[in-house]
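Please read the structure below before turning to the comments.
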Amino acid sequence: MRGPHRVRLPHVPVPPLASSFFTYVGDNSDSVLRLAWGHVWVVALSIGIAVVIGVLLGVLTYRSPLASSIALTVSGLFLTFPSFALLGILLAILGLGVTPVVIALVLYALLPIVSNTITGLREVDAVVLDSARGLGMSPVGRLIRVELPIAWPVILAGLRTATQLVVGIAAIAAYVNGPGLGRFIFSGLSQLGGANATNQVVVGTLGIIIIALVFDLLLSVVGRLTISKGIRA
Amino acid sequence: MTRTLLRLLATPAAIVVALVVLYWQVGEQTNSIAVSALAGPDATSAHAFSSNVITKIGEHLKLVGISAVFVLAIGVPLGIVLTRTRSRLISIPINGLFNAGQAAPVIGVLVLLVSIFDIKSWVPYVGLVLYAVLPVMRNTVEGIRNVDPGLIDAARGQGFSRRQVLTRVELPLAVPIILSGIRTSLVLLVGTATLATFINAGGLGDIINDGIKNQRDAVLLTGAVLAAALAVTIDWIAGIAERYLSPKGLRGERTA
Amino acid sequence: MAKGQAVEIDLQSVTKEYAGSSVPAVENFSLTIPAGEIVVFVGPSGCGKTTTMRMINRLVRPTSGRILIGGEDAAEMKPDVLRRHIGYVVQQAGLLPHLTVRQNIETVPKLLGWKRDRVAARSRELFELVGLDEQEFGGRYPRELSGGQQQRVGVARALAADPPILLMDEPFGALDPITRDRLQSELLKIQRRVRKTIVFVTHDIDEAIKLGDRVVVLKERSKIAQAGAPDEILAEPADRYVRAFIGGGAAVKRLHLVRVEDLDLEPYPSFTQAGGYEEIIREVGTGGLDYALLLDDQRRPQRWLHRDELQDRPTDPGAVGQAVQGVVMATTTLHDAMDEMLSSGTGVVPAVDDRGAYIGTVRLSQVTDALEETHHRTVADQSDAAPVRTLAEITGEIDRRDIEAERDRQAAAKAGDGA
């Protein structure tokens, strides 16, 4: 059933977007590429750090229900914080710059990585582990040769989620002087109504979506290359 | 039992501690000029500061609350509709939209909306709902798809109509997963609402932004800690609701 | 430990207690397992047999007692090092799913730091030993194998570093009966070549009798109800528990103890097509026999041809006569051979060697003779032993087995109530 009152969209004067958008990108290809690169770079760095910390946390805690629930609660807490608020808090502590941005992104990336590492490691078949022990593999040997390789698809899935999340949040980081395509969005915002405002916002937004998709594609290729055929879904 | 209780109370305790620390830190500076920047030109007192903070919290809650209603009203039915269609013609583009939607930066979407529609009172809601509807929709789909086909078969075998199967079997069983999607959405809404400040829609983001612009850490921290505390509180309440609204037989099962 | 050389295992008053449990899982268990023998622990689930076995490679640490392996105290060796010298096979094989078959087999040699070409040479041997084609299976992943194939890989992996000891924890428990039978026979064949000290855990008394040089029947807390050679246990069950555990059909079970190769196989007339008919017709005639066996060029049995059909000298003998229904291997037990005969409905079945080449035939009468023989050996001092029976009675017994097993179980339950 349709209600009698339909929301009527206001008349929108369509900006000459289609024609001028590509011109705009062409004219500003230098800064588009530079900021896109900055975006990629800050995301990659943060994810890199988060993987090291997150997998380590998972590995250290997955055997103990208490320790893992603490690790999950704490990393979950960071994900609960509004990104703007967390950035603000870090800013107050560390001042403007790349450092608070990277720290914030790392904190956001933790939960999916930690939780998937724990899940992945716990899902390793007990029979397989027992037989690895029976073969005389040391605990470290088992972790490196058996548990982590078998948990890897799950860990990688967490990594993909974390990357998607962080690519988006990095946009806000631009507001506190972080590198990245968010600059276009905020610059468009400050010139709202100006000639190129919409173009700038579109460049920033679209660029970030593209970066997210490229990262995802890349990680799926990494999965193809690194997940053993014996356990691929 | 005591352990669950402890866990239940740990979160509010932590929030209270955070707020007390904040008050103690910021309280000392409430009379300084730091506050005037925030509280407006005609108010310089601590009282004005705190009343302004309360206004901002109110605005924030309004943004979250109204959006949440729309998210529910749109997300769940849309999710149900998606599971009714067998056609991949529909599900593939929808999945693509899911993925692209997740990848889209909220701030970009918000600014894009105002750059197209100008600053209007409904614009922030559209942005918030667009963004927060995804987890609810996705979890509705997933929750219904997760229902054991054997159960559906059994229900059909007993003579349930399709609609009865949906309302008496599929939906009740999907409730835990749907609730967890709603919880995710609520947290997202609180977070996204802090960005409303950029399109002049108020909320706690205003305080954070003021703090950043005027380089007043006390103000910045006030906004940030309050926003964080609000998010954690809502997550906590939603967590409790999630536990008690799930059908009894399903409680205690982990929901992702 | 000397490579490959089987060693004795000596368990001395071994006890395992778990925290929070008032009764020990294993209580004061003492047993000497002679070098080079297969010792089977058999008992109901939960009786502690697996725990007992797992203490040998220290997957379970004994609470008290000593375990000497080749005279050395196992507790004084580093567990990981100890385990690398003890092969271990578990149910469902426990293969590492992310590694190929070859990588699985090479795990332990690599852990031991063998040189690459030595590892490769060894895995070639192992593929051959367990009857898997290296080209076909080496690159596959465990999930691409059937249960039986996985278990072959499990055995190969356990034997990879040529350990003196092999521990097997219900390795064939999850397989279908036919595959299980075949793998049991092959394990015996392998053991003949490698001569390890094997500790084998199962709850299946038939498997225990078929495989064990010695069978150890266990009851709760891993108490030894009876230990001895299989025919001793079948002939003289120590108590009602053992009797109940053996179940019905003890006489038929004894057929597990004799193998086809132990019989004087009859050289039934056989021929290949290339050899022509004249000689075979003569041979069949002088022997006064009705049938001759057609072999293929690798001497594998193909068809039975009646002497009338031979007289026709068919150009394509593959089109006449009767296809061979079943064959038995040299290592097949008479029990399985009899099964084969009964199911194929013939009184004669060809026997073949490892490669499937014909080595002679087994007649049903030979099986029944062997059955009487095992009785003569044990019947003398046994008051309640079953009298020698005709084949009809025995085959009837196969069908009655379930009923009798049930009756025995009830008897055991009653005995349990009384105690």
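The values are calculated or read from the model by the stated rules, or taken from the named source; none is laboratory data. Note that this is a predicted model, so its numbers are computed, not measured. Quick reminder, even Gly has a Cβ in these numbers, built from the backbone with ideal geometry, and neighbours come from all protein chains shown.
Taking A:ASP216, is it under 22 Å from B:VAL106 (Cβ atoms) and either within 14 Å of chain C (Cβ to nearest Cβ) or assigned to a helix (DSSP H, G or I) (or both)? Walk me through how you get there before you give the answer.
Working: under 22 Å from B:VAL106 (Cβ atoms): yes; either within 14 Å of chain C (Cβ to nearest Cβ) or assigned to a helix (DSSP H, G or I) (or both): yes.
Yes; evaluated as a whole, the condition is true for this residue.
Can you tell me which residue among B:ILE119, B:ILE177, B:ILE107 is closer than 30 Å to A:ASN196 by Cα, modelled with pLDDT of 85 or more and within 23 Å of the chain's Cα centre (by Cα)?
On the way: B:ILE119 fails: modelled with pLDDT of 85 or more; B:ILE177 fails: closer than 30 Å to A:ASN196 by Cα.
Checking each option against the conditions leaves just B:ILE107.
Applying a threshold of 7 Å to beta carbon distances and a minimum spacing of six or more residues, or different chains, the list of pairs starting in segment C:254-277 at a residue that is assigned to a helix (DSSP H, G or I) and ending at one that is modelled with pLDDT of 75 or more and of a type in the set (Asp, Glu) reads C:ARG254/C:ASP231; C:HIS256/C:ASP206; C:LEU257/C:ASP231. For segment C:373-394, the condition of being among the acidic types (Asp, Glu), surrounded by fewer than 17 Cβ atoms within 10 Å (Cβ to Cβ) and at pLDDT 70 or above holds for none of the residues. Quick one: would you say A:LEU206 is without any contact (Cβ under 8 Å) to a residue 24 or more places away in the chain and either touching a His at 6+ places or on another chain (Cβ under 8 Å) or part of a helix (DSSP H, G or I) (or both)? For A:LEU206, the condition - without any contact (Cβ under 8 Å) to a residue 24 or more places away in the chain and either touching a His at 6+ places or on another chain (Cβ under 8 Å) or part of a helix (DSSP H, G or I) (or both) - is met. Tallying residues that are away from chain B (no Cβ under 11 Å) and surrounded by 23 or more Cβ atoms within 10 Å (Cβ to Cβ) within segment A:70-101 yields 4. In the set C:THR331, C:THR361, C:THR368, only one residue is buried (at least 17 other Cβ atoms within 10 Å of the Cβ), assigned to a loop (DSSP other than H, G, I, E, B) and within 35 Å of the chain's Cα centre (by Cα); that residue is C:THR331.
Among the residues of segment C:78-89, write down those that are surrounded by 24 or more Cβ atoms within 10 Å (Cβ to Cβ) and at the interface with another protein chain (Cβ under 7 Å from one of its Cβ atoms). Spell out how you get there, then give the answer.
Pass one, segment C:78-89, residues surrounded by 24 or more Cβ atoms within 10 Å (Cβ to Cβ): C:83, C:86-89.
Residues satisfying the conditions are C:ARG83, C:TYR88.
Quick one: is A:ILE169 facing another protein chain (nearest Cβ under 9 Å), surrounded by 20 or more Cβ atoms within 10 Å (Cβ to Cβ) and touching a residue at least 60 places away in the same chain (Cβ under 8 Å)? Yes: the conditions hold for A:ILE169. Within segment C:32-53, is even one residue under 22 Å from A:ARG133 (Cα atoms), in a loop (DSSP other than H, G, I, E, B) and touching an Asp or Glu at 6+ places or on another chain (Cβ under 6 Å)? Scanning segment C:32-53, I find no residue that is under 22 Å from A:ARG133 (Cα atoms), in a loop (DSSP other than H, G, I, E, B) and touching an Asp or Glu at 6+ places or on another chain (Cβ under 6 Å), so the answer is no. Inclusion of A:PRO139 among residues that are within 30 Å of C:THR50 (Cα to Cα) and touching a residue at least 60 places away in the same chain (Cβ under 8 Å) is not warranted.
Tell me yes or no: at least one residue of segment A:140-157 is more than 14 Å from chain C (Cβ to nearest Cβ), in contact with a Gly (Cβ under 6 Å, 6 or more places away or on another chain), assigned to a helix (DSSP H, G or I) and closer than 30 Å to A:LEU86 by Cβ.
First, pick out the residues of segment A:140-157 that are more than 14 Å from chain C (Cβ to nearest Cβ): A:157.
Narrowing the set further to residues that are in contact with a Gly (Cβ under 6 Å, 6 or more places away or on another chain) leaves none.
No, there is no match, as no residue in segment A:140-157 is more than 14 Å from chain C (Cβ to nearest Cβ), in contact with a Gly (Cβ under 6 Å, 6 or more places away or on another chain), assigned to a helix (DSSP H, G or I) and closer than 30 Å to A:LEU86 by Cβ.
Hey, any hits in segment C:160-179 for a residue that's among the aromatic types (Phe, Trp, Tyr), crowded, with 21+ Cβ neighbours inside 10 Å and at negative phi? For segment C:160-179, residues among the aromatic types (Phe, Trp, Tyr), crowded, with 21+ Cβ neighbours inside 10 Å and at negative phi: present.
Could you tell me whether B:ILE208 is free of Cβ contacts under 8 Å to residues at least 24 places away in the same chain, over 22 Å from B:GLY79 (Cα atoms) and in contact with a Phe, Trp or Tyr (Cβ under 7 Å, 6 or more places away or on another chain)?
yes
Of everything in segment C:181-199, what is closer than 19 Å to C:THR332 by Cα and not in a helix (DSSP H, G or I)? Give them in sequence order. Let's see the steps before the verdict.
Going residue by residue through segment C:181-199, those that are closer than 19 Å to C:THR332 by Cα are C:181-195.
Selection gives C:ARG195 alone.
Please state which one of A:GLY230, A:GLY188 is at pLDDT below 90, at the interface with another protein chain (Cβ under 7 Å from one of its Cβ atoms) and assigned to a helix (DSSP H, G or I).
Working: A:GLY230 fails: assigned to a helix (DSSP H, G or I).
Sole residue among the options that is at pLDDT below 90, at the interface with another protein chain (Cβ under 7 Å from one of its Cβ atoms) and assigned to a helix (DSSP H, G or I): A:GLY188.
Return the residue satisfying two criteria in turn: it lies in segment C:91-139 and is at pLDDT 90 or above and among the small types (Gly, Ala, Ser), and of such residues it is surrounded by the most Cβ atoms within 10 Å (Cβ to Cβ). Here the residue is C:SER123.
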